[in-house]
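Asks: Before I ask anything, here is the structure I am working with.
The values are calculated or read from the model by the stated rules, or taken from the named source; none is laboratory data. As the structure is a prediction and not an experimental result, all values here were calculated from the model. Heads up, the Cβs are rebuilt from the backbone with ideal geometry, glycines too, and the neighbour counts pull from every protein chain shown. Keep in mind that these areas ignore ligands, DNA and RNA; they rest on the heavy atoms of the full protein, side chains included. Shrake-Rupley method; radii C 1.70, N 1.55, O 1.52, S 1.80 Å.
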Amino acid sequence: MSAPADRTKTVNGVVLVADPAREPCFTVVQTDAELQDWPDMSEISRRERLHRHMNNETGAIEIAARCLVDFPDASWDLRMSLARQVADESRHASLLLRRLKELDGEKGQFPVANFEWGVTLMLDNLPGRLAVQNRTFEAGLIDILGTMRNRWREVGDHETADLLEGILADEVTHVRFANRWIKRITEEDPRNLLKVAMAVRYLGQVLARLEPKVGETNAAGSTWTEERRLPPAVNIEDRRAAEFTEEEVAEVLRQAGFRSILPSLAAGN
Amino acid sequence: MGETIRQKADRVGTFRYISVFLMETLARWIPTTPELEAKVFFGRQVWDFAQHADWLGRRTGELRSPMQWSLQPADGYLRVLQTMAGATGTMERLAGLHDGLMPDLEARYRDYIARTDRLNDEPTVRILERILFDFERLRADRAAFPAIRPDLTLADAGWPARIAAMARAETDYVSSRAAARAAATAS
């Protein structure tokens, strides 16, 4: 892995690309332990969830934008999809900032981390970046949003739930275009499959080094338990809509301990 | 205008080059611009310029040039683009593009429409009119920005006017294909 054009940083022995520009109001941290988050849906937890999501969407804008800059020879269709993704993620960040303010929150109220940027920008090829950012991080967001949309509804905040529902629909399209493109280029040239596999392996190695361990406590005093470390329930319906194969959905289900969001729960929203 | 198909394709291909250049410039600015409101402002417009490039690129394919074909502008106009893109301050970026370059680009689109045979070249005219329709929205977004971030101001107050003057001075923006090929080979 290499990132010749970027400055790097070292986090717990792992080399990552240095953070993108953030305003002075933000406290940028490097590990989950330095983040503040709460497992419940208290008022401060709700604001922190929106704030963290807003920064993650900002990172997604920046990653897709850099893909446009770094790979000018990519097919025009793919560049159009990336440009659309940049605009979508920008809209998402704006929506989340607006909702954060409506709930009496503000930019910089909580620490933020740019893990996805740091990892993805270490990859010097487009198949690898799309495998990590779109097919892994954004696909994970499909699962998280499926769960969180339901949790916000359960606490009676339908406005935020509706907002997340809209974002979820967009994220499905981002994962789908990456799935289609990766399928096409690996069929055209099987060597691209190696780039995808190496990128996923690299991500696994980084996560193994940096993921919080059971018993560790974050900056809000919340302790990581075995349950909190589990991946979110799998959003089967939307992963299918994003054109993951049945085998891929089954593998993600296995990793999540076969926990899934039942389609009937999502259908009423 | 009395231009050949090839000359029209060259103009449309040049407009496409400019649209792709602006899309990439905004994309390059995003990670290095600190303010969230400016990042999302640039981010939403990346898609606008990508769409403009796409429409123009479909038209080049109809004008006996390849689909999604771009022609690098004449050297002088290219220098204007590169100067504008080299801004590092947030408001220099935003105002350099919107107050400096885009009015000149809009004038070039309007000039093309005014000089071409609207019936014979109707598909190009419709594309440019759609782009100009988008430009109105982009202009409104730019006008609204100071209310969103009143704390952001130009460190170099004369920057947008200098970009505008540079652009106005370059009357010939279309290069010959041979010159563009030579430049591409040399770079």
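Asks: Take the Cβ-Cβ distance between B:R110 and B:R64 as r, set R0 to 22 Å, and report the resulting FRET efficiency rounded to the nearest 0.05.
Replies: Working: r = 25 Å, r/R0 = 1.14.
That pair, B:R110 with B:R64, gives E of 0.30.
Asks: Can you give me the long-range amide H partners of B:V174? Hydrogens built in the peptide plane at 1.01 Å from N, cutoff under 5 Å, separation of 5 or more residues or another chain.
Replies: Amide H to amide H, under 5 Å and 5 or more residues apart or across chains, B:V174 pairs with B:A74.
Asks: Tell me the accessible surface of B:S70 in square angstrom (1.4 angstrom probe, heavy atoms of protein chains only), to the nearest ten.
Replies: Rounded to the nearest 10, that gives 40 Å².
Asks: Also, quick follow-up: Can you give me the Cα centroid spacing of segment B:28-71 and segment A:1-68 in angstrom?
Replies: With segment B:28-71 and segment A:1-68 each reduced to a Cα centre, they are spaced 27 Å.
Asks: For the protein assembly as shown, what does the alpha-carbon gyration tensor say about shape, rounded, prolate or oblate, given a ≥ b ≥ c as the root eigenvalues, a/c under 1.5 as rounded, and a/b over b/c as prolate? Walk me through the numbers before you get to the answer.
Replies: Details: a/c = 1.96, a/b = 1.66, b/c = 1.18.
Prolate, since a/c reaches 1.5 and a/b exceeds b/c.
Asks: Might you report the magnitude of the Cβ-based charge dipole of segment B:5-186 about its Cα centre, with Lys and Arg at +1 and Asp and Glu at -1, to the nearest 20 debye?
Replies: Charge dipole, segment B:5-186, about its Cα centre: 520 debye, nearest 20.
Asks: What net charge is computed for the residues neighbouring A:R49, neighbours being all others with C-beta under 13 Å from the C-beta of A:R49, Lys and Arg scored +1, Asp and Glu -1? Walk me through the numbers on the way to the answer.
Replies: Numbers: positive: A:R46, A:R47, A:R52, A:R99, A:R149, A:R151; negative: A:D37, A:D40, A:E43, A:E48, A:E57, A:D157.
Once all neighbours under 13 Å are counted, the net charge is 0.
Asks: Additional query: Just give the residues from segment B:39-60 buried by at least 10 square angstrom of accessible area in the all-chains context relative to the isolated chain, probe 1.4 Å, and say none if nothing qualifies.
Replies: B:K39, B:V40, B:G43, B:R44, B:V46, B:W47, B:A50, B:D54
Asks: Also, I was wondering about something else. Lysine pairs in the protein assembly as shown with alpha-carbon atoms under 27 Å apart, 8 or more places apart or on different chains: how many are there?
Replies: Lysine pairs meeting both conditions in the protein assembly as shown amount to 7.
Asks: Is the shape of segment A:7-93 best called rounded, prolate or oblate, per the rule: a/c under 1.5 gives rounded, else a/b larger than b/c gives prolate, else oblate, with a ≥ b ≥ c the square roots of the Cα gyration tensor eigenvalues?
Replies: oblate
Asks: At 7 Å along the Cα-to-beta-carbon direction for both A:E154 and A:L230, put a label point, then send me their distance in nm to one decimal.
Replies: Placing both labels 7 Å along Cα→Cβ, they lie 1.2 nm apart.
Asks: Along the positive direction of the dipole of segment B:5-186 (beta-carbon charges: Lys, Arg +1; Asp, Glu -1; about the Cα centre), which of B:S19, B:L78, B:W55 reaches farthest?
Replies: Looking along the dipole axis, the top candidate is B:W55.
Asks: Please work out the average accessible area per residue across the protein assembly as shown, using the 1.4 Å probe convention, and give it in Å².
Replies: On the way: 20280 Å² over 456 residues.
With the other protein chains kept in place, the protein assembly as shown gives 44 Å² per residue.
Asks: Roughly how many whole Å is it from the C-alpha centroid of segment A:134-162 to that of segment B:117-172?
Replies: 38 Å
Asks: A:T8's amide H: which non-local residues (gap 5+, or another chain) put their own amide H closer than 5 Å, with H modeled 1.01 Å from N in plane and none for Pro or chain starts?
Replies: A:A18
Asks: Rounded, prolate or oblate: pick one for chain A, where a ≥ b ≥ c are the square roots of the eigenvalues of its C-alpha gyration tensor, a/c under 1.5 means rounded, and failing that, prolate if a/b is larger than b/c, else oblate. Working shown, then result.
Replies: Details: a/c = 1.41, a/b = 1.20, b/c = 1.17.
Taking the square roots of the gyration eigenvalues as a ≥ b ≥ c, chain A is rounded.
Asks: Say a paramagnetic label sat at a point 7 Å from the Cα of A:A21, along Cα to Cβ; which residues of segment B:36-52 have their backbone N under 11 Å from it?
Replies: Counting only backbone N, you get B:36, B:38-39.
Asks: Given R₀ = 22 Å, FRET efficiency for A:E248-A:R209 by Cβ-Cβ distance, to 0.05?
Replies: Working: r = 25 Å, r/R0 = 1.14.
According to the calculation, E is roughly 0.30.
Asks: If one computes the Cα centroid of segment A:208-261 and of segment A:104-124, what distance in Å separates the two points?
Replies: Centre-to-centre (Cα) distance: 20 Å.
Asks: What total accessible area, in Å², is buried where chains B and A meet, using a 1.4 Å probe and rounding to the nearest 100? Walk me through the numbers on the way to the answer.
Replies: Numbers: alone 9300 and 13080 Å², together 20280 Å².
Buried area between the two chains comes out at roughly 2100 Å².
Asks: Please find the FRET efficiency linking A:V28 to A:D162, where r is the Cβ-Cβ separation and R0 is fixed at 25 Å, and quote it to the nearest 0.05.
Replies: On the way: r = 30 Å, r/R0 = 1.21.
According to the calculation, E is roughly 0.25.
Asks: If you build a Gaussian network model of chain B, linking Cα atoms that sit under 10 Å apart, which residue out of B:A50, B:A38, B:A144 swings the most?
Replies: Result: B:A144 has the largest fluctuation of those listed.
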